[in-house]
Amino acid sequence: MNLSSTVKNDDILLKLCHSVSHVLSSTSASHISHAGMVQSISRTRLKPDLACFSIFDGGFSGLVVINFSATAAIEIYRRYMLNMGMPETELAFSHTSDDVSNVMGELMNQILGDFIGKISKELQTSISQSQPKMLVINKELTISIDTNLDNAVARRVTFKTENNHIFYLEFAMDKTEFIRSADFEMDEEFDLDSLIETHGQKQQAQSEASKYVLDPNVKGIVVDDADDLLSELGL
(Lines give C-alpha, C1' and ligand atoms only; values in the text may rest on other atoms or scores of the structure.)
Protein backbone atom coordinates (compact mmCIF):
# COMPACT_ATOMS: atom_id res chain seq x y z
CA MET A 1 0.00 0.00 0.00
CA ASN A 2 1.17 3.52 -0.74
CA LEU A 3 2.55 4.91 2.52
CA SER A 4 1.25 8.43 1.93
CA SER A 5 0.02 10.51 4.84
CA THR A 6 -3.62 9.54 4.14
CA VAL A 7 -5.20 6.18 3.28
CA LYS A 8 -8.66 6.43 1.70
CA ASN A 9 -11.39 4.06 0.54
CA ASP A 10 -9.88 3.38 -2.86
CA ASP A 11 -6.52 2.53 -1.30
CA ILE A 12 -8.28 -0.07 0.85
CA LEU A 13 -10.16 -1.34 -2.22
CA LEU A 14 -6.88 -1.80 -4.08
CA LYS A 15 -5.57 -3.90 -1.21
CA LEU A 16 -8.71 -6.08 -1.45
CA CYS A 17 -8.20 -6.46 -5.21
CA HIS A 18 -4.65 -7.66 -4.59
CA SER A 19 -5.92 -10.23 -2.09
CA VAL A 20 -8.52 -11.53 -4.59
CA SER A 21 -5.90 -11.90 -7.35
CA HIS A 22 -3.26 -13.38 -5.05
CA VAL A 23 -5.45 -15.98 -3.32
CA LEU A 24 -7.29 -17.15 -6.43
CA SER A 25 -4.10 -17.27 -8.52
CA SER A 26 -2.11 -19.23 -5.93
CA THR A 27 -4.86 -21.70 -5.02
CA SER A 28 -5.87 -22.42 -8.62
CA ALA A 29 -2.33 -22.34 -10.07
CA SER A 30 -3.52 -19.91 -12.73
CA HIS A 31 -3.43 -16.20 -13.50
CA ILE A 32 -6.26 -14.04 -12.15
CA SER A 33 -6.07 -10.33 -12.96
CA HIS A 34 -8.17 -7.25 -12.28
CA ALA A 35 -8.88 -4.20 -14.42
CA GLY A 36 -7.01 -0.98 -13.89
CA MET A 37 -10.27 0.98 -13.84
CA VAL A 38 -12.62 1.15 -10.85
CA GLN A 39 -16.33 1.84 -11.38
CA SER A 40 -18.31 3.98 -8.94
CA ILE A 41 -21.75 2.44 -8.27
CA SER A 42 -24.77 3.46 -6.22
CA ARG A 43 -25.28 0.12 -4.44
CA THR A 44 -23.98 -3.43 -4.27
CA ARG A 45 -25.98 -6.22 -5.89
CA LEU A 46 -25.98 -9.98 -6.01
CA LYS A 47 -26.00 -11.04 -9.66
CA PRO A 48 -26.12 -14.31 -11.64
CA ASP A 49 -24.80 -16.90 -11.71
CA LEU A 50 -23.02 -17.47 -8.40
CA ALA A 51 -22.78 -14.70 -5.81
CA CYS A 52 -20.82 -14.62 -2.58
CA PHE A 53 -20.94 -11.93 0.10
CA SER A 54 -19.58 -11.17 3.56
CA ILE A 55 -19.99 -8.29 6.01
CA PHE A 56 -17.03 -6.92 7.95
CA ASP A 57 -16.94 -4.64 10.95
CA GLY A 58 -14.51 -3.06 13.38
CA GLY A 59 -12.17 -0.20 12.51
CA PHE A 60 -14.44 0.36 9.52
CA SER A 61 -17.60 -1.39 8.33
CA GLY A 62 -18.71 -2.60 4.95
CA LEU A 63 -19.66 -5.37 2.58
CA VAL A 64 -17.79 -7.46 0.01
CA VAL A 65 -19.66 -9.12 -2.87
CA ILE A 66 -18.16 -11.27 -5.64
CA ASN A 67 -20.43 -12.13 -8.56
CA PHE A 68 -19.16 -15.07 -10.62
CA SER A 69 -20.43 -16.07 -14.01
CA ALA A 70 -21.06 -19.82 -14.30
CA THR A 71 -18.01 -20.27 -16.55
CA ALA A 72 -15.70 -18.30 -14.24
CA ALA A 73 -16.88 -20.19 -11.15
CA ILE A 74 -16.43 -23.60 -12.80
CA GLU A 75 -12.97 -22.70 -14.14
CA ILE A 76 -11.70 -21.53 -10.75
CA TYR A 77 -13.33 -24.48 -8.95
CA ARG A 78 -11.90 -27.11 -11.28
CA ARG A 79 -8.40 -25.56 -11.31
CA TYR A 80 -8.45 -25.38 -7.52
CA MET A 81 -9.52 -29.01 -7.09
CA LEU A 82 -7.00 -30.28 -9.65
CA ASN A 83 -4.28 -28.28 -7.93
CA MET A 84 -5.31 -30.00 -4.68
CA GLY A 85 -4.75 -33.38 -6.34
CA MET A 86 -8.39 -34.38 -6.94
CA PRO A 87 -8.99 -36.62 -9.99
CA GLU A 88 -10.81 -34.83 -12.79
CA THR A 89 -13.42 -37.58 -13.03
CA GLU A 90 -14.71 -36.69 -9.55
CA LEU A 91 -15.21 -32.97 -10.22
CA ALA A 92 -18.57 -31.25 -10.70
CA PHE A 93 -19.50 -29.79 -14.07
CA SER A 94 -22.33 -27.44 -13.02
CA HIS A 95 -22.03 -24.24 -11.01
CA THR A 96 -25.23 -25.24 -9.18
CA SER A 97 -23.41 -28.15 -7.48
CA ASP A 98 -23.07 -27.89 -3.70
CA ASP A 99 -19.40 -28.80 -4.08
CA VAL A 100 -18.80 -25.73 -6.23
CA SER A 101 -20.56 -23.46 -3.73
CA ASN A 102 -18.56 -24.92 -0.84
CA VAL A 103 -15.24 -24.45 -2.60
CA MET A 104 -16.02 -20.89 -3.72
CA GLY A 105 -17.17 -20.05 -0.20
CA GLU A 106 -13.88 -21.37 1.21
CA LEU A 107 -11.90 -19.33 -1.34
CA MET A 108 -13.88 -16.23 -0.37
CA ASN A 109 -12.99 -16.92 3.25
CA GLN A 110 -9.30 -17.16 2.35
CA ILE A 111 -9.50 -13.91 0.37
CA LEU A 112 -11.03 -12.03 3.28
CA GLY A 113 -8.58 -13.59 5.73
CA ASP A 114 -5.66 -12.41 3.61
CA PHE A 115 -7.16 -8.94 3.18
CA ILE A 116 -8.09 -8.44 6.84
CA GLY A 117 -4.72 -9.70 8.08
CA LYS A 118 -2.80 -7.27 5.88
CA ILE A 119 -5.06 -4.24 6.24
CA SER A 120 -5.35 -4.64 10.01
CA LYS A 121 -1.58 -4.64 10.33
CA GLU A 122 -0.95 -1.76 7.95
CA LEU A 123 -3.68 0.48 9.37
CA GLN A 124 -3.14 -0.75 12.94
CA THR A 125 -6.83 -1.44 13.46
CA SER A 126 -9.03 -4.47 14.16
CA ILE A 127 -11.55 -5.89 11.68
CA SER A 128 -13.81 -8.95 11.90
CA GLN A 129 -15.89 -10.63 9.19
CA SER A 130 -19.05 -12.69 8.92
CA GLN A 131 -19.01 -16.20 7.46
CA PRO A 132 -19.20 -15.84 3.64
CA LYS A 133 -22.53 -16.87 2.08
CA MET A 134 -22.89 -18.34 -1.40
CA LEU A 135 -26.06 -18.04 -3.50
CA VAL A 136 -26.88 -19.55 -6.88
CA ILE A 137 -29.25 -17.07 -8.50
CA ASN A 138 -30.91 -16.65 -11.87
CA LYS A 139 -32.09 -13.06 -11.60
CA GLU A 140 -30.63 -9.83 -10.31
CA LEU A 141 -31.14 -9.06 -6.65
CA THR A 142 -30.44 -6.01 -4.54
CA ILE A 143 -28.78 -6.58 -1.19
CA SER A 144 -29.09 -4.11 1.67
CA ILE A 145 -26.25 -3.93 4.19
CA ASP A 146 -27.31 -4.87 7.70
CA THR A 147 -24.89 -2.46 9.37
CA ASN A 148 -24.63 1.27 9.96
CA LEU A 149 -22.59 2.91 7.19
CA ASP A 150 -21.77 6.60 7.32
CA ASN A 151 -21.95 8.08 3.83
CA ALA A 152 -21.25 4.74 2.13
CA VAL A 153 -18.89 4.49 -0.84
CA ALA A 154 -19.54 1.67 -3.35
CA ARG A 155 -17.19 0.41 -6.07
CA ARG A 156 -17.07 -2.35 -8.70
CA VAL A 157 -13.93 -3.92 -10.19
CA THR A 158 -13.79 -6.36 -13.10
CA PHE A 159 -11.65 -9.51 -12.82
CA LYS A 160 -10.59 -11.97 -15.52
CA THR A 161 -9.55 -15.62 -15.27
CA GLU A 162 -6.76 -17.21 -17.27
CA ASN A 163 -9.35 -18.40 -19.82
CA ASN A 164 -10.80 -14.86 -20.07
CA HIS A 165 -13.95 -15.55 -18.06
CA ILE A 166 -15.24 -12.49 -16.23
CA PHE A 167 -16.36 -11.98 -12.64
CA TYR A 168 -16.93 -8.85 -10.55
CA LEU A 169 -15.95 -7.62 -7.12
CA GLU A 170 -18.36 -5.13 -5.51
CA PHE A 171 -17.29 -3.32 -2.37
CA ALA A 172 -19.14 -0.91 -0.07
CA MET A 173 -17.80 0.69 3.11
CA ASP A 174 -17.89 3.80 5.25
CA LYS A 175 -16.37 6.86 3.66
CA THR A 176 -13.25 7.09 5.77
CA GLU A 177 -9.66 8.24 5.94
CA PHE A 178 -6.73 6.91 7.94
CA ILE A 179 -4.20 9.69 8.55
CA ARG A 180 -0.65 8.66 9.32
CA SER A 181 0.84 10.39 12.32
CA ALA A 182 4.35 11.84 12.18
CA ASP A 183 5.84 9.06 14.31
CA PHE A 184 4.05 6.20 12.54
CA GLU A 185 6.31 3.27 11.66
CA MET A 186 5.25 0.22 9.69
CA ASP A 187 5.86 -3.07 11.49
CA GLU A 188 8.48 -5.19 9.79
CA GLU A 189 7.26 -8.33 8.05
CA PHE A 190 8.06 -11.46 10.08
CA ASP A 191 8.86 -14.48 7.93
CA LEU A 192 9.18 -17.58 10.14
CA ASP A 193 10.41 -19.81 7.29
CA SER A 194 13.17 -17.33 6.46
CA LEU A 195 14.21 -17.09 10.11
CA ILE A 196 14.42 -20.88 10.47
CA GLU A 197 16.40 -21.18 7.23
CA THR A 198 18.84 -18.48 8.33
CA HIS A 199 19.31 -20.12 11.70
CA GLY A 200 19.89 -23.50 10.07
CA GLN A 201 22.62 -22.06 7.85
CA LYS A 202 24.29 -20.51 10.87
CA GLN A 203 24.19 -23.83 12.72
CA GLN A 204 25.67 -25.69 9.75
CA ALA A 205 28.53 -23.21 9.51
CA GLN A 206 29.50 -23.67 13.16
CA SER A 207 32.18 -26.11 14.14
CA GLU A 208 31.16 -29.55 15.31
CA ALA A 209 33.28 -28.81 18.31
CA SER A 210 30.79 -26.26 19.62
CA LYS A 211 30.70 -26.37 23.38
CA TYR A 212 27.58 -27.24 25.31
CA VAL A 213 26.90 -25.52 28.59
CA LEU A 214 25.10 -27.15 31.47
CA ASP A 215 22.22 -25.12 32.83
CA PRO A 216 23.25 -24.36 36.42
CA ASN A 217 19.64 -24.17 37.58
CA VAL A 218 18.32 -27.48 36.30
CA LYS A 219 20.29 -30.68 36.74
CA GLY A 220 20.75 -32.71 33.58
CA ILE A 221 19.41 -30.03 31.20
CA VAL A 222 21.76 -29.10 28.37
CA VAL A 223 21.60 -25.68 26.77
CA ASP A 224 22.83 -25.58 23.17
CA ASP A 225 22.56 -23.22 20.23
CA ALA A 226 18.96 -24.27 19.64
CA ASP A 227 18.11 -21.83 22.42
CA ASP A 228 19.24 -19.05 20.09
CA LEU A 229 16.34 -19.87 17.77
CA LEU A 230 13.86 -19.78 20.66
CA SER A 231 15.28 -16.43 21.68
CA GLU A 232 14.84 -15.04 18.19
CA LEU A 233 11.24 -16.23 18.23
CA GLY A 234 10.69 -14.54 21.56
CA LEU A 235 10.10 -17.83 23.39
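The values are calculated or read from the model by the stated rules, or taken from the named source; none is laboratory data. All values reported here derive from a predicted model rather than from experimental measurement. Note that we place each Cβ from the backbone using ideal geometry, even for glycine, and neighbour counts take in every protein chain shown. Heads up: the accessible areas ignore ligands, DNA and RNA and are worked out on the full protein's heavy atoms, side chains in. Shrake-Rupley method; radii C 1.70, N 1.55, O 1.52, S 1.80 Å.
In terms of the Cα gyration tensor, with a ≥ b ≥ c the square roots of its eigenvalues, is the stretch 1-46 rounded because a/c is under 1.5, prolate because a/b exceeds b/c, or oblate?
Oblate is the answer for the stretch 1-46, as a/c is 1.5 or above yet b/c matches or exceeds a/b.
Using 1/(1 + (r/R0)^6) with R0 = 30 angstrom and r between the beta carbons of LEU135 and THR6, what's the FRET efficiency to the nearest 0.05?
0.25
How large is the dipole of the stretch 1-145 about the Cα centre if only Lys and Arg carry +1 and Asp and Glu carry -1, each at its Cβ, rounded to the nearest 20 debye?
400 debye
Can you give the FRET efficiency to the nearest 0.05 for SER126 and ASN102, using r as the Cβ-Cβ distance and R₀ = 30 Å?
Result of the calculation: an efficiency of 0.60.
From the square roots a ≥ b ≥ c of the eigenvalues of the alpha-carbon gyration tensor of the stretch 1-116, which class results: rounded (a/c under 1.5), prolate (a/b over b/c), or oblate?
Details: a/c = 2.19, a/b = 1.74, b/c = 1.26.
Prolate shape, in that a/c is at least 1.5 and a/b is the bigger ratio.
Which FRET efficiency value, to the nearest 0.05, is calculated for ASP150 and GLU88 with the Förster distance at 41 angstrom and r the Cβ-Cβ distance?
The value I calculate is 0.25.
Report the one residue of PHE56, TYR80, LEU13 whose Cα lies farthest in the direction of the positive end of the charge dipole of the stretch 1-83 (charges on C-beta: Lys and Arg +1, Asp and Glu -1; origin at the Cα centre).
Checking the options against the dipole of the stretch 1-83, the answer is TYR80.
Report the gain in length on full extension from ASN163 to SER26: 0.36 nm times residue separation, minus Cα-Cα distance, nm rounded to one decimal.
Between ASN163 and SER26, full extension yields 47.8 nm more.
Counting only heavy atoms of the protein chains, get the accessible area per residue of the stretch 1-82 (1.4 Å probe) and round it to a whole Å² value. Can you show the working numbers first?
Details: 3170 Å² over 82 residues.
With all protein chains present, the stretch 1-82 gives 39 Å² per residue.
How much of the accessible area of the stretch 39-103, probe 1.4 Å, is carbon plus sulfur, in whole percent?
50 percent
Taking a 25 Å limit on the Cα-Cα distance, which of the listed pairs LYS47/LYS133; LYS15/LYS160; LYS15/LYS133 fall beyond it?
As for pairs spanning more than 25 Å Cα to Cα, there are none.
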